[in-house]
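Written out below as structure tokens is the structure these notes cover.
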Amino acid sequence: MIDKRDRAALFRDRLAEAMTLRGESQSHLARRIGVDRSTLSALLSPGTRLPNAQLAADCAMALDVSCDWLLGLTTRREPAEALLAAAVRLTEAPRALFDETIFDWHREAAGYKIRHVPATLPDMLKTRAVVEWEYRTPLGGSAEAAITRFEQQLELLRGGRSDYEIAVPIHELEAFSSGAGYWAGLPLAARLEQIDQLIALCEAFYPGLRLYLFDAHRVWSAPITLFGPHLAVIYLGRHYLAFRDPERVATILGHFDWLVREAPTGARDVPGELRRLRAQMLEK
């Protein structure tokens, strides 16, 4: 709690600071907020009481600052809508592999742990055959260049020293292994190669790469990625919804940790589960 006299002094200081930053004179600001210049001059004079709510709000709006900041209720100068726009951003998500936005987020988080729930299988663990099957038609004539660029980006990311935790629903791997649903039409040879690559990567890069299999009958998740401690992204299909405010990032991190805790197949056991699925594929 701040004494009213101290808050009034803080209001005067911050009002003067905001006017200086905006290059506002007393007479010009007074005209903008519809008061006499003497009224504004009084607000800036020692010993003056706090203004009424309407006048404080008018000053804040004219100077593009937060009214709470003028009154000493927050340390953030920006208006609430500006803070919200900076904390939550909607970004277009083209039908592609790593677009530049995703790649930049990965590079920004280099050295931090990256946590991921993919929409299908994680793109960065896919074989070239699976990537071509998924993306060649929607990418059209640019497919080869896009896939080559994707492989180059992967090489750069592998040098970023980030650890990866990836949570995949068990039913997604089961559908992939049987060539069902989304994966209908993908040849058996390509699916076997992909399973073999997942086994090899999980064993070669553990613990820097940890894959968890969760049961979507018990827990569920939209596709999300946490790029270190400062950025959480939800994949909507046509757009990414990106959060940078600490409270929401922490909430989404808690959601991911919940998936991992509830996963019946932990990172050490995933290669064995993949081998089981592979054996079933050969039996059919």
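The values are calculated or read from the model by the stated rules, or taken from the named source; none is laboratory data. Computed from a predicted structure; not experimentally measured. For neighbour counting, all protein chains shown are included, and Cβ atoms are generated from backbone atoms with ideal geometry for every residue, glycine included.
Yes/no per residue for (1) touching a Ser or Thr at 6+ places or on another chain (Cβ under 9 Å); (2) touching a residue at least 12 places away in the same chain (Cβ under 8 Å):
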{"residue": "158", "(1), (2)": "no, no"}
{"residue": "161", "(1), (2)": "no, yes"}
{"residue": "165", "(1), (2)": "no, yes"}
{"residue": "178", "(1), (2)": "no, yes"}
{"residue": "182", "(1), (2)": "yes, yes"}
From the options 167, 143, 222, residue that is within 26 Å of residue 257 (Cα to Cα), in contact with a helix residue (DSSP H, G or I) (Cβ under 8 Å, 6 or more places away or on another chain) and not β-branched (Val, Ile, Thr): 167
Qualifying residues in the range 19-39 (those that are among the aliphatic types (A, V, I, L, M) and assigned to a helix (DSSP H, G or I)) - the one surrounded by the fewest Cβ atoms within 10 Å (Cβ to Cβ): 21
Among 248, 261, which is the only one that is in contact (Cβ under 8 Å) with a residue 60 or more places away in the chain, part of a helix (DSSP H, G or I), farther than 19 Å from residue 162 by Cα and of a type outside the set (Gly, Ala, Ser)? 248
Mind checking which residues of the range 97-134 are part of a helix (DSSP H, G or I) and under 15 Å from the mean Cα position of the chain (by Cα)? 100, 101, 102, 103, 104, 105, 106, 107, 108
What's the number of the condition residue 6 fails, among (1) at pLDDT 90 or above; (2) assigned to a helix (DSSP H, G or I); (3) over 39 Å from the mean Cα position of the chain (by Cα)? (1)
Among 248, 244, 261, 238, the single one that is modelled with pLDDT of 95 or more, surrounded by fewer than 17 Cβ atoms within 10 Å (Cβ to Cβ), over 14 Å from residue 118 (Cβ atoms) and not β-branched (Val, Ile, Thr) is 261
State whether the residues of the range 202-225 include one that is touching a His at 6+ places or on another chain (Cβ under 7 Å) and assigned to a strand (DSSP E or B). yes
